[in-house]
Amino acid sequence: MRKIVFTFVFIVGSFGLFVNGTTDKGTYPCLPAQANSSTNCPKDSSLQVELNLLSAKLGVALDTTCDLNLMKTLADWIGTPYRHAGYCKKGIDCSGFVSKIYREVYGICLTHSSKAMISEMKERVKKTELQTGDILFFKIHGKRISHVAIYLKDGYFIHASISNGIMVDRLSAPYYARHYYAAGRILG
């Protein structure tokens with residue numbers, strides 16, 4: 001039922017964009033990246049619609065400064081089931097997911113091992129300096145790195161959960177805060 005309602009709202013909203021050029025006849029709000037501009041913001045309604053859909057699917061507010069290709073790719077994986085040593089849409093594990101995303105989006109080959117992946121980082125990143133695309137490492141099973149994820153923004157990350165598959169979680173959630181170990185950066 002939710003899908004039907006969402007589809008109806010999307011179609012009606014899209015029709016409004018087609019007829020009026022914007023979602024309403026008022027001024028188009030500035031995106032956060034353009035907030036300091038003294039001129040009117042450009043009207044790129046198709047981009048805004050896409051950002052809104054991606055924001056809803058990922059559960060984080062996206063703007064024009066986001067890595068759109070990364071966000072589209074990540075959103076496309078939401079709901080994929082977990083499978084140990086998996087590496088496809090039928091099922092994937094945490095390190096497979098991170099390595100698959102980096103290969104698809106950036107053409108970077110990473111190992112399919114959470115504990116070995118940390119050695120491939122160009123630099124370590126403080127938790128307070130995380131950026132979109134940084135790789136998060138967790139020690140869930142004892143003293144070894146046993147889980148990896150990709151940082152989104154605003155304290156959210158995406159990962160392959162054993163119970164729920166590919167999903168978004170909050171880094172400050174007690175479970176993940178307790179098991180967080182380090183972050184690394186490949187890009188930049």
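The values are calculated or read from the model by the stated rules, or taken from the named source; none is laboratory data. Computed from a predicted structure; not experimentally measured. A quick note on method: Cβ atoms are made from the backbone with ideal geometry, for glycine too, and the neighbour counts reach across all protein chains shown. Calculation scope for accessible area: heavy atoms of the full protein, side chains included, ligands and nucleic acids excluded. Shrake-Rupley method; radii C 1.70, N 1.55, O 1.52, S 1.80 Å.
Being at pLDDT below 50 and of a type outside the set (A, V, I, L, M, F, W, C) is true for just one of Lys25, Lys43, Lys115, Lys90. Which residue is that?
Lys25
Among residues belonging to segment 123-142 that are touching a residue at least 40 places away in the same chain (Cβ under 8 Å) and out of contact with any strand residue (DSSP E or B) (no Cβ under 6 Å at 6 or more places or on another chain), point out the one that is most open to solvent (accessible area, probe 1.4 Å).
The selected residue is Lys126.
Residues that are acidic (Asp, Glu), at least 2 per element: which strands (runs of 3 or more DSSP E) completely within segment 128-188 meet that?
Hits in segment 128-188: none.
If you scan segment 68-118, which residues turn out to be open to solvent by 50 Å² or more (accessible area, probe 1.4 Å), free of Cβ contacts under 8 Å to residues at least 60 places away in the same chain and either aliphatic (A, V, I, L, M) or not in a helix (DSSP H, G or I) (or both)?
Arg83, His84, Ala85, Tyr87, Cys88, Lys89, Lys90, Gly107, Cys109, His112, listed by residue number.
Of all residues in segment 168-188, which are surrounded by fewer than 18 Cβ atoms within 10 Å (Cβ to Cβ) and either touching a Lys or Arg at 6+ places or on another chain (Cβ under 7 Å) or of a type in the set (A, V, I, L, M, F, W, C) (or both)?
Ala173, Ala177, His179, Tyr181, Ala182, Arg185, Ile186, Leu187
Can you name every residue in segment 143-165 that is within 18 Å of Met71 (Cα to Cα), surrounded by fewer than 23 Cβ atoms within 10 Å (Cβ to Cβ) and β-branched (Val, Ile, Thr)?
Once the filter is applied, which keeps residues that are within 18 Å of Met71 (Cα to Cα), surrounded by fewer than 23 Cβ atoms within 10 Å (Cβ to Cβ) and β-branched (Val, Ile, Thr), segment 143-165 yields only Ile150.
Taking segment 134-188 on its own, how many of its residues are among the basic types (Lys, Arg) and over 16 Å from the mean Cα position of the chain (by Cα)?
Residues meeting the conditions: 4.
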